[in-house]
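*Asks:* One structure coming up, written as structure tokens, with questions to follow.
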Amino acid sequence: MSDKENAIKENPLQSVYTITNIQNKVRILDGTKVTYSTWVKLFQLHARGYKVLGHIDGTKPPEKTDPKYNEWVKIDSIVLHWIYTTLSEHLLSRVLEEESTTLEAWNRIKSIFLNNKGSRATALEHEFRNLTPKNHAFP
């Protein structure tokens with residue numbers, strides 16, 4: 001077994017460092033060709049496979065005094081990069097911020113797509129109720 005394989009076996013989180021092109025695994029979220037719900041499912045599947053789901057599911061990071069904190073920060077940066085590289089340019093410009101954690105970026109994306117879901121549903125329901133049927137002449 002190679003040194004790299006041994007390192008991954010000893011510390012499964014090390015496998016996160018092997019991803020060089022996330023776009024081969026998770027398609028670009030543009031809101032049209034790839035919907036938010038599809039992107040979330042693919043991203044979560046990928047994160048679960050690489051044992052970094054805790055960076056997007058709300059799991060609290062280690063305390064800054066914890067010896068594991070520095071490794072957590074490195075991995076969080078990688079997962080954040082995965083997010084940024086799977087967003088369309090338009091979405092990236094709305095989400096990209098200095099000094100952000102993966103969870104903060106994840107939540108910004110979520111709010112873009114789900115923030116006005118309730119009010120949009122209400123407006124559509126109102127519009128639907130006010131539709132009037134048109135008389136169509138069928139041959």
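The values are calculated or read from the model by the stated rules, or taken from the named source; none is laboratory data. Just so we're clear, the structure is a prediction, and the values are computed from it rather than from any experiment. Glycine gets a Cβ as well: all are built from the backbone with ideal geometry, and neighbour counts include every protein chain shown.
*Asks:* Give just the number: which of (1) among the polar types (S, T, N, Q); (2) modelled with pLDDT under 95; (3) assigned to a helix (DSSP H, G or I) does GLN44 not satisfy?
*Replies:* Checking GLN44 against (1) among the polar types (S, T, N, Q); (2) modelled with pLDDT under 95; (3) assigned to a helix (DSSP H, G or I), the one that fails is (2).
*Asks:* When both residues are 6+ apart or on different chains and their Cβ atoms are under 6 Å apart, which pairs have a first residue that lies in segment 89-115 and is outside any helix (DSSP H, G or I), and a second that is at pLDDT below 95 and polar (S, T, N, Q)?
*Replies:* none
*Asks:* Hey, another quick one. Output the residue which, of all residues in segment 49-73 that are exposed (fewer than 13 other Cβ atoms within 10 Å of the Cβ) and under 14 Å from the mean Cα position of the chain (by Cα), is nearest to SER88 (Cα to Cα).
*Replies:* Selected residue: ASP57.
*Asks:* Which residues, counting only those in segment 25-48, are at positive phi and either β-branched (Val, Ile, Thr) or crowded, with 17+ Cβ neighbours inside 10 Å (or both)?
*Replies:* none
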